[in-house]
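Asks: Below: one structure in structure tokens.
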Amino acid sequence: MVSGARDAGLFGPESETWRVVGERSVLLGGMRALLMQAAHPLVAAAGRQTRMYQHDPWGRLERTLRLTLTILFGSKAEVSAAAWQINVAHRQVSGVDPITNLPYRAQDPDLLLWVHASLVSSFLLFERLTIGRLDDRGRQRFHEEAMVLTALLGLPRRRVPPTVAALDSYIQHVCQAGILQATEESRAMLALIRTPSEAGTLRSQLASFAAVHTLPPAIRDLYGEHHGRVDQTKLALLCAGMRTGRLLVPREHRLIEPARAALARMRGTGPFVPVSAVPVLPAARRTCRQD
């Protein structure tokens with residue numbers, strides 16, 4: 001057996017994590033999460049320090065997503081290596097935000113919690129909008145599985161709200177607390193999300209529309225994005241189309257590449273391809289540079 005074959009990593013094919021995040025339509029929630037995260041001035045300050053928004057943003061986003069999805073779908077060895085890379089990178093990011101004059105560090109549990117909550121809530125929202133398979137117990141299982149990641153990345157599990165409802169309440173509290181604000185970095189992230197790829201322009205526009213118009217209202221207002229009845233109708237039609245369309249596509253083609261690599265590893269068929277080696281973003285996105 002090839003090294004790494006049939007290694008379920010942290011979760012495995014029976015987990016809600018693999019079933020939910022493996023779907024292409026759910027991964028669109030990652031764009032929503034990025035907009036939520038960039039609205040936090042201290043998260044944005046960390047991104048500014050790493051030049052996330054200025055130099056080759058899609059390349060940096062590709063690398064970040066690849067590490068995250070490697071932790072979700074990789075073998076145990078891949079998970080350890082990806083978590084180590086993330087933690088090493090985080091240890092080097094700290095400073096004082098010139099806008100708020102507040103200190104920040106990437107390993108701050110408050111910032112890690114906002115990043116974590118943005119991802120979990122966004123994945124759950126897009127699962128509900130584009131698939132609708134999970135009931136309340138399934139959503140809670142997904143939330144509890146996601147807590148497994150927190151200890152790996154320096155966020156104590158006790159800091160994470162224990163239920164999906166509590167997680168939603170936490171997000172609402174942050175949105176109402178006056179912490180979030182529009183900055184040059186958050187506007188750069190919005191522009192990045194709205195940048196159409198060189199191919200598949202309509203698909204890119206629909207994805208960015210869904211990301212923006214599913215944001216919590218307070219964050220959407222922060223970005224200056226109007227959301228009226230016409231937008232609500234467009235969003236409902238778009239999500240209904242994705243729910244219907246996915247039923248016409250074979251499951252293998254509905255899955256993102258890291259999920260397909262993980263399932264192949266579990267089946268033990270063909271050559272072993274590490275999850276960390278497969279692409280995450282479409283090629284047109286990966287080559288779209290904004291130097």
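The values are calculated or read from the model by the stated rules, or taken from the named source; none is laboratory data. The model shown is predicted, which means the values in this text are computed figures rather than measured ones. With ideal geometry, Cβ positions are generated from the backbone for all residues, glycine too; neighbour counts draw on all protein chains shown.
Asks: Which members of segment 166-211 meet the condition of being of a type in the set (Val, Ile, Thr) and either at pLDDT 95 or above or within 23 Å of Lys234 (Cα to Cα) (or both)?
Replies: Of everything in segment 166-211, those that are of a type in the set (Val, Ile, Thr) and either at pLDDT 95 or above or within 23 Å of Lys234 (Cα to Cα) (or both) turn out to be Ile171, Val174, Ile193, Thr195, Thr201.
Asks: Which pairs do you get when a residue that is without any contact (Cβ under 8 Å) to a residue 12 or more places away in the chain and in a helix (DSSP H, G or I), found in segment 233-250, comes within reach of a residue that is surrounded by 12 or more Cβ atoms within 10 Å (Cβ to Cβ) and aromatic (Phe, Trp, Tyr), reach meaning Cβ atoms under 6 angstrom, with the pair 6+ apart or on two chains?
Replies: Within 6 Å, no pair qualifies.
Asks: For residues in segment 142-152 being over 18 Å from Ser169 (Cα atoms) and surrounded by fewer than 18 Cβ atoms within 10 Å (Cβ to Cβ), which is modelled with the lowest pLDDT?
Replies: Ala151
Asks: Name the single residue, out of those in segment 159-178 being of a type in the set (Val, Ile, Thr) and crowded, with 16+ Cβ neighbours inside 10 Å, that is farthest from Gln107 (Cα to Cα).
Replies: Among those residues, the one meeting the criterion is Val164.
Asks: May I pose another question? If I ask for residues that are part of a loop (DSSP other than H, G, I, E, B) and surrounded by 21 or more Cβ atoms within 10 Å (Cβ to Cβ), which ones from segment 12-40 would you list?
Replies: Listed by number, the residues that qualify are Gly22, Leu28, Ala39, His40.
Asks: Select, from Met1, Met52, the only residue that is over 18 Å from the mean Cα position of the chain (by Cα), modelled with pLDDT under 90 and not basic (Lys, Arg).
Replies: Result: Met1 is the single residue among Met1, Met52 that is over 18 Å from the mean Cα position of the chain (by Cα), modelled with pLDDT under 90 and not basic (Lys, Arg).
Asks: Something else about it: So, in segment 214-232, exactly how many residues are of a type in the set (Gly, Ala, Ser) and either modelled with pLDDT under 95 or assigned to a loop (DSSP other than H, G, I, E, B) (or both)?
Replies: Residues flagged as of a type in the set (Gly, Ala, Ser) and either modelled with pLDDT under 95 or assigned to a loop (DSSP other than H, G, I, E, B) (or both) within segment 214-232 amount to 2.
Asks: Give the number of residues within segment 183-213 that are farther than 27 Å from Tyr170 by Cβ, of a type in the set (Val, Ile, Thr) and outside any helix (DSSP H, G or I).
Replies: Number satisfying all stated conditions: 1.
Asks: Right, next: Please find, within segment 203-262, the residue that is surrounded by the fewest Cβ atoms within 10 Å (Cβ to Cβ) out of those that are out of contact with any helix residue (DSSP H, G or I) (no Cβ under 8 Å at 6 or more places or on another chain) and basic (Lys, Arg).
Replies: Filtering first and then ranking leaves Arg229.
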